[in-house]
Each structure stands twice: as structure tokens, then as C-alpha cells.
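Visitor: Starting off with a structure, shown below.
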Amino acid sequence: MASSWSSSPEYVGLGNRAAAFAIDALLVFVVIGPLALFGLRGFLFEALLPAFAVLAFWRRYGATPGKMAVGARIVDARTGAAPSTGRLVARYAGYLVSMLPLFLGFAWIAIDRRKQGWHDKIAGTVVVNDDD
């Protein structure tokens, strides 16, 4: 990975990342929706289950199903390697920071040189095109 990282990586922009988010949101709805119909509601199913699933996908594949569908993956911004679990947890927690001020942290992806949202900057990650 070091040799390919020394060349400029191709960062994934706002459009593809929004498409990936839409795919992931649909998948969460498909899983959580039926559980809610059976009365399984509350913090565990509405917040913790999606968080666990996202973190598990990031850790195992470097991407959620949505990011895989658009050919993107999350990497450490400095090394281009897979981010540590701590960085991934910080990235997920950083979503709240990106959302709170009118989703400006996500809009930032459109103007940032490396197409990083605030959650990426907090965690030290970037989203790049996956050549695999």
C-alpha cells in the first residue's frame, strides 16, 4: 500500500458519499423496520445495532455496503492503511459533530481539498476510491 499511497489518492466526493449513505440508510431501514414492527424498539435497536453494524463493516471491509457499492473505502489519512479501531470509533462519534450545525460537517466534503468531512478530520481518515 505504501507505494500506491505515495501517489495522489483519488478522494471520493460528496455525491458518491451521499449515494453510499442513502444505500446504507435503506439497508438499516430494511433491517430495523421489521424489528420495530415486532415491537423491538428502543435505544438498542435504533442506535446501538446500527452503530455496531457500521463499525463492524468499517473494521472488516474498510467500508459499509453503501461505500462498497460506490467503490470507496476508508483509510488512515497519513498512511493510507486501514484505520485503527479507535480511529473508526472516533469517526463514528464525529458524525454527531458533522450533523449538529445544520449538517455543515458533511457539506464540508464538497469544498475540502481532500474531501474530508469534519468526522474524517476528527478521526484522521479519508475516503478514497477502492481499486480492488
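Values in this text are rule-based calculations from the coordinates and carry no lab data. Note that this is a predicted model, so its numbers are computed, not measured. Glycine gets a Cβ as well: all are built from the backbone with ideal geometry, and neighbour counts include every protein chain shown.
Visitor: Sort 67-74, 29-36 by the packing proxy (mean of other Cβ within 10 Å over each peptide's residues), most packed first.
Guide: Top to bottom by mean Cβ count within 10 Å: 67-74, 29-36.
Visitor: Note the direction-averaged projected area, equal to a quarter of the hull surface, for the Cα convex hull of the chain, in nm².
Guide: The Cα convex hull of the chain, projected and averaged over all directions, gives 8.1 nm².
Visitor: If I require 20 Å or longer along the helix axis, counting alpha carbons, and a Kyte-Doolittle average no lower than -0.5, what helices from the chain are left? Use full DSSP H segments.
Guide: 14-37, 85-99
Visitor: Moving on. Give me the one-decimal nm value for the distance between modelled label points at Arg41 and Ala18, 7 Å along each residue's Cα-to-Cβ direction.
Guide: A separation of 3.1 nm, rounded to one decimal place.
Visitor: Would you mind getting me the FRET efficiency between Ala51 and Ser8? Use the beta-carbon distance for r and R0 = 41 Å, nearest 0.05.
Guide: Efficiency, rounded to the nearest 0.05: 0.80.
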